[in-house]
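J.: Dropping the structure in here first, questions after.
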Amino acid sequence: MTGGRGARRAAGGLLAAVVLAMSTLFGGVSPAAAAPGDPPTAPNPCSTEQWRNPSLWDGCVKGLPELGADKVDCVKAPTPSAPDSGMAGWFATMPAENLRASGRPDMYTKYGYAGYDYTTYDATTECVPAVLHPDFKFENTVANGEFLLASSVIGASNALREKAWVPDSMWGWADPLVETATQAVYKKVFTVFGGVTLAVVGLYLLWRSRQSDMSATMTTVGWALLIMVAVTALARWPVQSANLADGTLTASLNAVHTAIGPRDESLPEDRCRNLDPKACADNRAPAQRASDTATQGLLYRNWLRGLLGSSESETAQRYGPILYDAKSYSWDELEKMRADQKFRQEIIDRKANNWNRVAQQIKAEDPEAYEHLKGVRGMDRIGAGFIAILAAIFFALFDIAASLLVLLGFMIFRWAVIAAPVLGTVGLLRPASSGIRRLANVVVAATFNIVIFGAGSAIYLLAVNLIITTPTIPGWLQVVLILLTGIVGWMLLRPYRRITQLGGKTSSNPIASLGGWQRLFFREARKAEAEEGHDAAAGRGSKASPIVLQTQARPEARDEDTSISQPTPRPEDSPARDDTPSPAPAQVRRWTEPDDEGAPSYAIYRPSSREAPVYRPESEPARR
């Protein structure tokens, strides 16, 4: 009976499926009724290109339907944040007024690092005060922490690059230090002890005059004059000397960055489609163009992916810029609010109205994107934040290293100006000039590092710009290509990473050769004494016979050990000893018989390892 009941249930289910399929094919399915609070689907008043133009936002938003009365008190737009807020805001610097007043939609130039976080919106099921689900809070907190780290890394990279490429605003604080320290060292050290060094130079020249070496004398005098003039000029114009080096290298870097740096995005007037003509002129410096490219490509796109589920969809391209503006203050708005607080609430209300209307339009056009906007898909936001951290770190590895080396080169110029009087005090004496020579080597190496890493950084940023702005390259591949580009640039510029290597010195040589000038001085002294002895011997003439060396080795001077198996001869069996001096000065070893009367023993002969003596023929006794 149980089997028959199961068969009837299966037949009933099959019949219901057939009826449903027939009704779907021929009768259709009635559309779902709209929720009570949802606005009706309305045509979009602006195109995607118009929504991307900030000057048209007010008109586009007015064309959207207003929020229903039952939804006004149920949703809350996010509170905007300032461009210099958070950890990343520590590195933010307000751009020039002409850049902020332009109509270009540059995220970094206009908004800094504002708005790169997430909030929930319309996440409750009913319009009543309710506790948010703990998972939503945790997931959004993790995602916000990830974007905090990513924006901080990008902020540090942008700040260092902008100061390294335009050092005029970086080293103003060091001018009083360079001027005061250099003049103090020159007056207290070089002026006082430099006279002592000149006296030592004079005594050295008098002592060397005995060798009648005019070339060495002129070299010593010329070297002392060169060091004296160079140190005096640096002490007289310390700040001008450092600024001259800065200006020369900055002009070279600007030429390199203009040629191979991030591209100028200016458009001619006949191709400009923006209502604001200023939006078509790109007046940004190369370093700032790179900052806009990195911020928009690595931070904004990943933030948009977590906000709407994708950064390449039509919804993201159309409404992403105005949503970002709705939760971020621009630099101009921040200045306006700080100047007069009455504008604060007006700006907040306008941004909240834009957010609410655009959000309801997204809900009608793309319900899936609206689910991400509400914040109920927090794991997607965590994933977007993780990708942002990876992209920021991969991008900043080479960029920060190159910027630090360029800044280090400019810092070396200033310390070289301060240290020149100290090292020049001893360096007046040419044998003791190793310190001033090493300082010159370091300055030359720093110059090469500034040019090489400045050009390498420009090429790297151009490659990153091309990678990010190419729409056919997937997002994951862009991150990988940025990492590989930085690794290749670091490997190619590896021989130039050490400041002292281009100067011919390793990192340990400066410490090991601190006292090298004393050894060099006494080495020249010994050389001069040897030359004097040689000249004296040449003047007297050589009356001695040539030295005769004994080249034939004696048999007993062999190196190998010889075992003697014959009995040792007795002393009485040996012939009488002749006291006549032997022709050879070397004493020959003789064997003696042991004291015991037993059987003869065996002995091992070990010849002496002394070298054959050297003797003069005239000192030999007369041969018999």
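J.: I'd like the Karplus ³J(HN,Hα) series for the range 199-207: coefficients 6.51, -1.76, 1.60, θ = phi - 60°, whole numbers in Hz, and an x wherever there's a Gly or Pro.
T.: After applying 6.51 cos²θ - 1.76 cosθ + 1.60, I find 5, 5, 4, x, 4, 5, 5, 5, 5 Hz.
J.: Set the bar at 26 Å for Cα to Cα. Now go through Lys137/Lys336; Lys62/Lys342; Lys76/Lys363; Lys327/Lys374; Lys110/Lys342 and name every pair that lies beyond it.
T.: On the way: Lys137/Lys336 33 Å; Lys62/Lys342 24 Å; Lys76/Lys363 15 Å; Lys327/Lys374 14 Å; Lys110/Lys342 22 Å.
Violating the 26 Å Cα-Cα cut-off are Lys137/Lys336.
J.: Can you list the residues, at least 5 places off or on another chain, whose amide H is less than 5 Å from the amide H of Ser81, using H built in the peptide plane?
T.: Gly115, Ser328, Tyr329
J.: Give, in whole angstrom and from largest to smallest, the semi-axes √(5λ) of the equivalent ellipsoid of the range 292-369, with λ running over the eigenvalues of the Cα gyration tensor. Present the calculation step by step, with values, prior to reporting the outcome.
T.: Values: eigenvalues 133, 61, 9 Å².
Each semi-axis is √(5λ); the values are 26, 17, 7 Å.
J.: Please turn the phi angles of the range 377-390 into ³J(HN,Hα) values with the Karplus equation 6.51 cos²θ - 1.76 cosθ + 1.60 (θ = phi - 60°), one per residue in order, whole Hz, x for glycine and proline.
T.: Per-residue couplings from phi come out as 10, x, 5, 5, 5, 5, x, 5, x, 5, 5, 5, 5, 4 Hz.
J.: Carbon and sulfur together cover what percent of the accessible area of the range 380-480 at a 1.4 Å probe radius?
T.: Numbers: 2930 of 3540 Å².
Roughly 83 percent, rounded to a whole number.
J.: Please report, in Å, the Rg and the Dmax of the range 264-404, where both are computed over Cα atoms only.
T.: Cα only, the range 264-404: 17.8, 50 Å (Rg, Dmax).
J.: Separate question: Per-residue HN-Hα couplings for the range 437-442, Karplus 6.51 cos²θ - 1.76 cosθ + 1.60 at θ = phi - 60°, whole Hz, x for Gly and Pro?
T.: Result, rounded to whole Hz: 5, 5, 4, 5, 4, 5.
J.: Can you figure out the FRET efficiency of Ala339 with Leu203, using R₀ = 60 Å and their beta-carbon distance, to the nearest 0.05? Can you show the working numbers first?
T.: Details: r = 72 Å, r/R0 = 1.20.
The formula returns an efficiency of 0.25 here.
J.: Ranked highest first by the average count of other Cβ atoms within 10 Å around their residues, in what order do 336-346, 143-153, 167-177 fall? Mind showing how you got there, number by number?
T.: Details: 336-346: 11.5, 143-153: 21.5, 167-177: 13.9.
Per-residue mean Cβ counts within 10 Å order the peptides as 143-153, 167-177, 336-346.
J.: Still on this structure, I have one more. With the convex hull built on the Cα atoms of the range 370-438, state its orientation-averaged projected area in nm².
T.: On the way: hull surface 30.1 nm².
Dividing the Cα hull surface by four gives the mean projection, 7.5 nm².
The values are calculated or read from the model by the stated rules, or taken from the named source; none is laboratory data. Everything quoted here is computed from the prediction, not taken from an experiment. Backbone-built Cβ (ideal geometry, glycine too); neighbour counts: all protein chains shown. Protein only, heavy atoms only, side chains kept; ligands, DNA and RNA dropped before computing areas. Shrake-Rupley method; radii C 1.70, N 1.55, O 1.52, S 1.80 Å.
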